[in-house]
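Visitor: Please read through the structure below; I'll follow up with questions.
The values are calculated or read from the model by the stated rules, or taken from the named source; none is laboratory data. Everything numeric in this text was worked out from a predicted model, so none of it was measured. Glycine also receives a Cβ, built like all others from the backbone with ideal geometry; neighbour counts cover every protein chain displayed. Keep in mind that these areas ignore ligands, DNA and RNA; they rest on the heavy atoms of the full protein, side chains included. Shrake-Rupley method; radii C 1.70, N 1.55, O 1.52, S 1.80 Å.
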Amino acid sequence: MNIFRFVADLLHLASILILLYSIEKNRSVNGLSLKTQLLYVLVFVTRYLDLFTSYISLYNTLMKIFFIASSCYVVYLMSVKYAKSIRENIDTFPARYIIGAAAILSFIFTHKYTFKEVLWSFSLWIEAGAILPQLFMLQRTGSAENITTHYIFALGLYRALYIPNWIYRFFTELHFDYIAFLAGVVQTLVYSDFFYIYYTKVMQGKSFELPV
């Protein structure tokens, strides 16, 4: 554990709490992508298959349980409790391409060709592209509530901070996971335009708007 990973984990937790608060406050999931949330369920289920087979620490176990449970709960809210507010005609990004690309990359970039290692790599590449359906929705609608953009910003910044985390671990522990590093770089690049607009709009007190 180091400061970069600790802050990143806090941002990840914050992003989910912001999302849950936004949904319950508005009693609506309008503007949110169900496809993105389903992809995150896939991310956590495939990454944390070792939850009941290996123990690292209480912190690690609780985080795994939280991320699996919260992602499933968000999908429940979107597909059952507030399903009528979903705009399916806008949430049209072909998520199957993200899954297909992640499957291919997980076989190219893996430490060992074992079921667990390939799935772990698969979860990283899925996560790198999971936000694309949400960003696609923002592009189509041209605007979003600021609380929704806070959620996306925290989610993107969490993964961006994992890049200095891996650099720090390389110099202090002589440990470097090139797959996690590459996936983190790709994910940060996916968020780059959003980060710029968030900084120039939301952080300046303006509404988040894009040309439709």
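Visitor: Under 7 Å by Cβ, and 6 or more places apart or on different chains, what pairs join a residue from segment 198-212 that is in a helix (DSSP H, G or I) with one that is modelled with pLDDT of 70 or more?
Guide: Y198/T149; Y198/F153; V202/T149
Visitor: Going through segment 160-212 one residue at a time, which ones are basic (K, R) and at pLDDT below 85?
Guide: Hits for segment 160-212 are K201, K206.
Visitor: Being touching a Ser or Thr at 6+ places or on another chain (Cβ under 6 Å) and either farther than 19 Å from F44 by Cβ or acidic (D, E) (or both) is the filter here, so list the residues in segment 117-147 that pass it.
Guide: E117, M137, I147
Visitor: Look through segment 165-189, keep the residues that are open to solvent by less than 40 Å² (accessible area, probe 1.4 Å), in a helix (DSSP H, G or I) and not small (G, A, S), and return whichever of them is farthest from D9 (Cα to Cα).
Guide: Step by step, filter segment 165-189, then rank; the result is I179.
Visitor: Something else about it: So which residues in segment 121-145 are open to solvent by 30 Å² or more (accessible area, probe 1.4 Å) and over 12 Å from I197 (Cβ atoms)?
Guide: L132, F136, R140, T141, E145 - these are the residues of segment 121-145 that are open to solvent by 30 Å² or more (accessible area, probe 1.4 Å) and over 12 Å from I197 (Cβ atoms).
Visitor: Can you pull out every residue in segment 89-115 that is aromatic (F, W, Y) and either open to solvent by less than 60 Å² (accessible area, probe 1.4 Å) or touching a Pro at 6+ places or on another chain (Cβ under 9 Å) (or both)?
Guide: F93, F109
Visitor: Please give the helices (runs of 4 or more DSSP H) falling wholly within segment 1-77 in which 2 or more residues are in contact (Cβ under 8 Å) with a residue 60 or more places away in the chain and surrounded by 13 or more Cβ atoms within 10 Å (Cβ to Cβ).
Guide: Filter on segment 1-77 gives 3-26, 34-47.
Visitor: I would also like to ask the following. Only one of (1) part of a helix (DSSP H, G or I); (2) β-branched (V, I, T); (3) over 15 Å from the mean Cα position of the chain (by Cα) is not met by T110, so which one is it?
Guide: (1)
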